[in-house]
Amino acid sequence: MKEDVLFKKTPFGGFDRVEVISYIHQLKSTQQKYKVLLDEKEKSNAKLTRDLEDRMLQVEQLRKDIKENEKTVSELQAELAKLRDENEQLKNKSAEAQEDGTEFVSETVKMCDELVETASETAKKLVGAAEDKLNDTQKRINKVIEKLENNDKTKPEDAKKLLKKLLKELK
């Protein structure tokens, strides 16, 4: 708005009443426009704040899911180690049984070896798949966080859709 406003003077002194009233109406109109703009900005800000809070909750859930997957990987690795120990024990028993010449123990060890090998392969596949999923999820989370932090005009709806898709894939 203008700081200094000059009003037309009337021939008998004072200012032109119509011009002053017109100026006051113009000021009120401008004030109303700014008020509407301010209200819109406040509503937009509140919506963005809620969206950000939602996304932060989703990111936290994804982090929890990653920790659970890491726990599963750790448990599978422990199970694999246990199976290897059992395999070693069976091999030792097999050596003792071979000294005695029993063919039955040899066949049992062979079956156990196959079971351990199958379990090892399955555990490796599960560990690999879990690690791939963890890495992929972490990359996606990092992208969403980076977009949100950089405020690169990413629509909140797009970020929300991406986070929902990630959550759906993790389930």
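The values are calculated or read from the model by the stated rules, or taken from the named source; none is laboratory data. In this text the structure is predicted, and so the values were computed from the model without any measurement. With ideal geometry, Cβ positions are generated from the backbone for all residues, glycine too; neighbour counts draw on all protein chains shown.
Filtered by the rule that a residue be loosely packed, with under 13 Cβ neighbours inside 10 Å and either polar (S, T, N, Q) or touching a Pro at 6+ places or on another chain (Cβ under 7 Å) (or both), the range 108-121 gives a lone residue, T118. A single entry from L52, L37, L6 fulfils the requirement of being surrounded by 13 or more Cβ atoms within 10 Å (Cβ to Cβ), farther than 22 Å from N135 by Cβ and either at pLDDT below 90 or under 49 Å from the mean Cα position of the chain (by Cα) (or both): L52. Kindly indicate whether any position in the range 61-69 is in a helix (DSSP H, G or I) and within 30 Å of E114 (Cβ to Cβ). Yes, some residue in the range 61-69 is in a helix (DSSP H, G or I) and within 30 Å of E114 (Cβ to Cβ). Total residues in the range 122-171 satisfying the condition of being of a type in the set (V, I, T) and at pLDDT below 70: the figure is 1. Looking at T49, T30, just one residue is of a type in the set (V, I, T) and either over 30 Å from K168 (Cβ atoms) or touching a helix residue (DSSP H, G or I) at 6+ places or on another chain (Cβ under 9 Å) (or both), and that residue is T30.
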